[in-house]
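These notes concern the structure reproduced below.
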Amino acid sequence: MPASIEARNLGKRFGEVHAVQEVSFEVHPGEIVGLLGPNGAGKTTTLRMLAGLLAPTAGEAFINQHSVQKEPLVARRALGFLTGDMDLYRRLTPVELLTYFGQLYEVPRPELRRRIDELVEAFGIGDFKDKHCEKLSTGQKQRVSIARTLVHDPAVVVLDEPTTGLDIMASEFILQFIRRMARENGKAVIFSTHHLDEVERLCDRVVIIHKGRLQHHGDIDSALAATNQARLADAFFEMVQF
Amino acid sequence: MRDKRTLYLVILLPFFLYPALFFLIGKVGQSQAGKMQQEKVTVLIDPALEQTPVPGLIGSDPSFVVKVQAFDSQALTEEKNTIGIRVDGNYAAGLAANESVILRITGDFSKDLLDGRKQSITGLLNKLNQSLLEERLQGVKLPPTFAQPLLIQEEDLAKPSQRIGKVLGTYAPMLLMLFIFTGCIYIAIDITAGEKERRTLQTLFTTPVNVREIIAGKFLAVACVGLASALMNLFSLVFAVLLQAKIMGGNVSAISLAVSAQGWVWMITLIVLSTVFLAALSMAVSLLANSYKESQSYVSPLMMLVLIPAVMAQMPGMELTMTTALVPVLNICLAIGAIFKGTFSLPAMVLVVFFALLYGLLALYLASHIFGNENVVTGEKVNWKLLRGRG
Ligand SMILES: Nc1ncnc2c1ncn2[C@@H]1O[C@H](COP(=O)(O)OP(=O)(O)OP(=O)(O)O)[C@@H](O)[C@H]1O
Ligand SMILES: [Mg+2]
């Protein structure tokens, strides 16, 4: 099966700083991949290159076999992307916001309406769907944000630390949703996180980067085997210890 | 756009501003003038002038209190509202010898009140001078016209419309630039630095919308508000000036602007072009900031940059030439001024429109270039090195 996401020797330099170097991995439909790495490892930078927000200084990224660099609009159409430094329009209600972005993705009207109803239902947005986004709690905002990334029913979902700042209940809700997206709707999902337990529970494979370089790409067992450890946390520490 | 307050501020305010401003200035001016008339001023007249017509003459103006007494010039400045008059030598003897008798008016004329009164005293004394002159001429049997070989009279052929055109032509361009700029800059800040601060810009860039379209959308929003602000101001200003002319007692039916239909078309074209320029410039600059606060600090320098050429255009003798047509803002101000004054020529207009268009497009290019910068996309500080590297 062709990969839904492919990073091919991605590299990014900011002036003298090599934020990402020679990072390659693939994510297939229905698969969940966790992106791990300490602070400043280059996770956000890598994901931004997948979304076409940053131009790689080396290598290339593909979404559904479309080069993000050469066919940005086609690639973005198939992509739902969320990072922690994106906020919602404060003066819009969740439904207005979803409608606005649905229109930007040119989702046909009747389909958009149905889609929004589904998302409002699935994310339990109904209780606050007429409130301005600025009045929502962190967890409510995050639910709306993720619903926003899915409004055009993308085949590929890229989430940067989707559970950061949420309580256990809210995180759990989002994790369950990620699982359903992959297992039931066959989406390819990659998400970065600092919570190793999320990765252990959810992910088919992990990508571990450190100082911009790929340390590991494979399933969890292979990560344990490679470091001779019994727990992912210990394997992780060993890989990023230099 | 979601902020209605900004809209009111930019569009509705100017509509009422000028008439209100003119009215207020008129009122304050009037009451100030009234106060100046009523205030009593003491005039100390040197006893050497007691037997002359001077005390009576000054006393004929009820706003003066005349006292004949010796005074010291230095002490005079200590007294409140006091002016002194003294004579050099002997008044009667001087006159009898056909000499010029020197009268000195003393006082602290840095004070507006005393300076004004000095002028009324001079006026009164001039009348006396005139009648003394006539007496002298009569004494030698000469007609009063003897002392005035030439009588100069002027006749202003300018129509009231031309006079109003001159006023508007001088001040309207600068005000227009100011209001286009203020109209643009606050919206520009809101949808660039403001969106960066609210962290909503990045999301937009992940959608399958072309960067060009995003820029175009934002630019149009900025330009529309700037243009609306400018047009509201133009109409309000013209209206206020006409109203003022009417209040001042002009013949209103005769008062119409000497701007032809063609002139209006050029003027609107120029306003649109300067809006393009200023909107793009506002966006380019506010994109460099990451927050409202930071962008606020760019407003004043930018405003100076816009206003200096606009003020230069007001200087007397400043005209549209090949050189001035090259300077952004200055060229448009001069052209709009010429339209109001009814002195514009077709080649000059074409030249200015050409350069204004050029500068507008350059500014637009600059703005979109900055907008395409990765750091703007990810909502971070614009990096000058990267900006140049990608140029
Ligand atoms: N726009 C930028 N300009 C310059 N350097 C940058 C820029 N963005 C990121 N970096 C640098 O690149 C490196 C990787 O940053 P990145 O944000 O990708 O890390 P991260 O893995 O997401 O970290 P965290 O876990 O803290 O979110 C860091 O050293 C960072 O300072
Ligand atoms: Mg990060």
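Our coupling estimate for the stretch B:82-94, obtained by passing each phi through the Karplus curve with A = 6.51, B = -1.76, C = 1.60 and θ = phi - 60°, is 10, 10, x, 10, 9, 10, 8, x, 9, 4, 5, 5, x Hz, Gly and Pro reported as x.
In order along the stretch A:205-222, the phi-based Karplus estimate (6.51 cos²θ - 1.76 cosθ + 1.60, θ = phi - 60°) of 3J(HN,Hα) comes to 9, 10, 10, 10, 10, 8, 6, x, 10, 6, 9, 7, 8, x, 7, 5, 4, 5 Hz; Gly and Pro are listed as x. As a calculated quantity, the FRET efficiency between A:ASP167 and B:VAL209 at R0 = 35 Å, using C-beta atoms, amounts to about 0.55.
Within 10 Å of each Cβ in A:52-60, how many Cβ atoms from other chains are there, averaged over the peptide?
Details: counts 4, 7, 4, 3, 0, 0, 0, 0, 0.
Other-chain Cβ atoms within 10 Å of each residue's Cβ, averaged: 2.
Helical content alone sets the calculated 222 nm signal of chain B at -21500 deg cm²/dmol, taking -39,500 (n - 2.57) per DSSP H segment of four or more residues and averaging over every residue. Here the stretch A:93-128 is scanned for amide nitrogen atoms under 18 Å from the site 7 Å beyond the Cα of A:GLU71 along Cα-to-Cβ, giving A:106. Per residue, the stretch A:100-201 exposes 47 Å² of accessible surface when a 1.4 Å probe is rolled over the protein heavy atoms with every protein chain present.
Our note on the geometry: Cα centres of the stretch B:262-327 and the stretch B:43-65, 58 Å apart. In this simple spin-label approximation, A:ASP197 and B:LEU220 carry label points 7 Å from Cα along the Cα→Cβ vector, and these lie 5.1 nm apart. Peptide B:197-205 has a mean shielding of 6, counted as Cβ atoms of other protein chains within 10 Å of each residue's Cβ. Pairing chain B with chain A buries about 2300 Å² of accessible area. This figure sums both sides and uses a 1.4 Å probe. Helix B:261-287 and the longest principal axis of the C-alpha atoms of chain B enclose an angle of approximately 60°.
Per atom type, chain B shows carbon and sulfur on 63% of its accessible surface, probed at 1.4 Å. Close amide H contacts of A:VAL207 (hydrogens built in the peptide plane, cut-off under 5 Å, sequence separation of 5 or more or a different chain): A:GLY34, A:LEU35, A:LEU36.
Computed from backbone phi, the HN-Hα couplings of the stretch A:116-133 come to 5, 4, 4, 5, 4, 5, 5, 9, x, 7, x, 4, 10, 5, 9, 8, 5, 4 Hz, rounded to whole numbers (Karplus: 6.51 cos²θ - 1.76 cosθ + 1.60, θ = phi - 60°; Gly and Pro given as x).
What number, rounded to the nearest 500 deg cm²/dmol, is the helix-based mean residue ellipticity at 222 nm of chain A, given -39500 (n - 2.57) per DSSP H run of at least four residues and division by all its residues? Don't skip to the answer; put the middle values down first.
Working: 9 runs with 93 residues, N = 242.
It comes out at -11500 deg cm²/dmol, rounded to the nearest 500.
Sequence-distant contacts, meaning Cα pairs under 8 Å at least 6 residues apart, place the relative contact order of chain B at 19 percent. With the simple model of a label 7 Å out from the Cα in the direction of the Cβ, B:ILE308 to A:GLU118 spans 6.0 nm. Ordered from highest to lowest accessible area with the whole protein assembly present and a 1.4 Å probe, B:TYR359, A:TYR89, A:TYR100, B:TYR171 read as B:TYR171, A:TYR100, B:TYR359, A:TYR89.
What order, most packed first, do the peptides A:170-176, B:153-159, A:103-109 have when packing is the mean number of other Cβ atoms within 10 Å of each residue? Could the numbers behind the result be given before it?
Values: A:170-176: 17.6, B:153-159: 6.9, A:103-109: 14.3.
Per-residue mean Cβ counts within 10 Å order the peptides as A:170-176, A:103-109, B:153-159.
Could you please state how large a percent of the accessible area of chain A is carbon and sulfur, counting protein chains only and using a 1.4 Å probe? Accessible surface attributable to carbon and sulfur in chain A totals 48 percent. Against chain B, whose longest principal axis is taken from its Cα atoms, helix B:112-139 shows a tilt of about 40°. The modelled label-to-label distance for the pair B:MET315/B:LEU366, using points 7 Å beyond Cα in the direction of Cβ, is 2.2 nm. Once the 1.4 Å probe is applied to the protein heavy atoms, chain B comes out at 54 Å² accessible per residue. The C-alpha atoms of chain B define a longest principal axis, and helix B:346-371 lies at about 50 degrees to it.
The values are calculated or read from the model by the stated rules, or taken from the named source; none is laboratory data. Computed from a prediction, not measured in an experiment: that's the story for all the values here. Here Cβ is always computed from backbone atoms with ideal geometry, including for glycine, and neighbour counts include all displayed protein chains. SASA here: full protein model, heavy atoms, side chains in, ligands and nucleic acids out. Shrake-Rupley method; radii C 1.70, N 1.55, O 1.52, S 1.80 Å.
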